[in-house]
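Have a look at the structure below, then the notes.
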Amino acid sequence: MDYESFFADRIDDLKEEGRYRVFADLERRAGAFPAAVNHTEDGKRDVIVWCSNDYLGQGQNPVVLAALHAAADKCGAGAGGTRNIAGTNHAHVLLEQELAELHNREAALLLGSGWMANMTALATLGEKIPDLVILSDSKNHNSMIEGIRHGKCERMVFAHSDLQDLEAKLQAYPVERPKLIAFESLYSMDGDIAPIKEICDLADRYGAMTFIDEVHAVGLYGPRGGGVCEREGQMHRPTIIQGTLAKAFGVVGGYISGSAALCDFIRSYGNGFIFSTSLPPAIAAAAQASVAFLKTHNEIRERHQERAQTLKNRLRDVGIDVMPSESHIVPVWVGDAVLCKKASDMLLDDHGVYVQPINYPTVERGTERLRFTPSPLHSDADMDHLITAMKDVWGCLGLKLAA
């Protein structure tokens, strides 16, 4: 077999479909978010980032940076190994305590990323709980899907946020059979929010555990940043709350929170935890500072929501097709992979606006979109510039504007 030709041909397939991903070479500017420098073959240029998952700009917060620098000076760069060997630093312990307190749980367990937290927890539960069946929302994130697959237990997919379909599938199993409902609080491509109370009610009725991914909601919702569960008064109900430190908190890492026994179970049996080098102490210290900061700064969340709603309104005012969204996610419909990539390229090349195209497999074919994530630090002037750019690009590409 000509392996190199195989690789090249498959890449050509992606390019023909318009799904080949090109990374913009960006350099974030400390203290100037959302401004960045784009490095190109023709030199450097200034751009405004409109698609960062550092939703609140916490990666630039002086409080967070000070904690990172202090811990690096005190502890050095790396953690020294896995948590089981030499990689448990006091900063990890303090961060886990901070996260447990955020969610009002007995314990939390830190992992290398949100993807790893989902993968490890769901795979471990699926593998170790005898005869477990996992009921998974059809729009769950790849990390949840992979975790469930690796658990090798029975799995059942229910229609997205469809309570009737979920209940019908729960009714197919004996009440005494172990069950776990896995879903997200906020789905990051469409911006919709799950019916958390109603799913937990069904779980109680049919003897199921619940696993909720709050990755795109922790830090952003609730009076202290506990997520949509906190905002809706449901934080005490899910068996497991999973979150990330890489989005609203602006650093990196993932975690689960729950009972002390559950977290100890994943710590003791989860391969993704046992065999992974732990986060650098400076990263853990920065994350703890960010979590603690956002607990007492609800005004940042309020500003964030205002910016998101303002952008939705302004785009719709000029006829841009903003898809329905209940959250801070602002998805703009394109519906074609090639046009979506062209729109992204033109915005960057001609207007200094950076927003990545969202194509299959992240979303279904025919639902391609641009996904904007305005932050509290995007100004009215930034929005003025974006609206002008969008109108120009939509006109050049012949994309439909609403009347």
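The values are calculated or read from the model by the stated rules, or taken from the named source; none is laboratory data. Treat the numbers as computed from the prediction; the structure is a model and nothing was measured. So basically every Cβ, Gly included, is an ideal-geometry build from the backbone, and we count neighbours across all protein chains shown. We work out accessible area using only protein heavy atoms, side chains counted, and drop any ligands, DNA or RNA first. Shrake-Rupley method; radii C 1.70, N 1.55, O 1.52, S 1.80 Å.
Remarks
- Three-way shape label, the stretch 261-307, alpha-carbon gyration tensor, a/c 1.5: prolate
- Within the chain, percent of DSSP bridges classed antiparallel, to nearest 5: 55 percent
- Cβ-placed point charges (K, R +1; D, E -1), dipole of the chain about Cα centre in debye, nearest 20: 680 debye
- Relative to the Cα centre, the charge distribution of the stretch 1-58, modelled as +1 at Lys and Arg Cβ and -1 at Asp and Glu Cβ, gives a dipole magnitude of about 480 debye.
- Centre separation in Å (Cα based) which lies between the stretch 47-90 and the stretch 357-394: 28 Å
- Computed from the alpha carbon atoms alone, the convex hull of the stretch 62-129 holds 122 Å³ per residue.
- Think of a 1.4 Å ball rolled over the protein heavy atoms: the chain then has 43 Å² of accessible area per residue.
- Dipole check for the stretch 231-307: with +1 at the C-beta of Lys and Arg, -1 at the C-beta of Asp and Glu, and the Cα centre as origin, the magnitude is about 80 Debye.
- Working note: Cα atoms of the chain, range along each principal axis, descending, whole Å: 60, 56, 54.
- The stretch 90-216: relative contact order as a whole-number percent, Cα under 8 Å and 6+ apart: 21 percent
- Within the chain, longest stretch clear of exposed chymotrypsin sites (Phe, Trp or Tyr not before Pro) (DSSP loop, no more than 11 other Cβ within 10 Å): 24-274
- Listed by chain and number, the aspartates and glutamates placed with their C-alpha closer than 14 angstrom to that of Lys342 are Glu16, Glu17, Asp350, Glu368, Asp392; residues fewer than eight positions away on the same chain are left out.
- Using θ = phi - 60° in the Karplus curve 6.51 cos²θ - 1.76 cosθ + 1.60, the 3J(HN,Hα) couplings for the stretch 91-104 round to 4, 5, 4, 5, 5, 4, 5, 5, 6, 4, 5, 4, 9, 6 Hz; x is entered for Gly and Pro.
- Centroid-to-centroid, using Cα positions, the stretch 280-338 and the stretch 146-205 are 26 Å apart.
- Sorted into 10 angstrom bins from 0, the C-alpha pair distances of the stretch 211-324 split as 13, 34, 33, 14, 5, 1 percent.
- Members of Lys128/Lys295; Lys247/Lys391; Lys152/Lys197; Lys15/Lys312; Lys128/Lys169; Lys139/Lys179 lying beyond 26 Å, as alpha-carbon distances in this model show: Lys128/Lys295; Lys247/Lys391; Lys152/Lys197; Lys15/Lys312
- Ellipticity estimate at 222 nm from DSSP helix runs (n ≥ 4, -39,500 (n - 2.57)) divided over the chain, nearest 500: -13500 deg cm²/dmol
- Taking amide H atoms as placed 1.01 Å from N in the peptide plane, the amide H of Asp137 lies under 5 Å from those of Phe158, Ala182, each 5 or more residues away in sequence or on another chain.
- Which of Ser185, Phe6, His90, positive extreme of dipole for the chain (C-beta unit charges): His90
- Segment Met156-Asp380, extension gain: residue separation times 0.36 nm, minus the distance between their alpha carbons: 76.0 nm
- Rg and Dmax of the stretch 247-403, Cα atoms only, in Å: 19.9, 59
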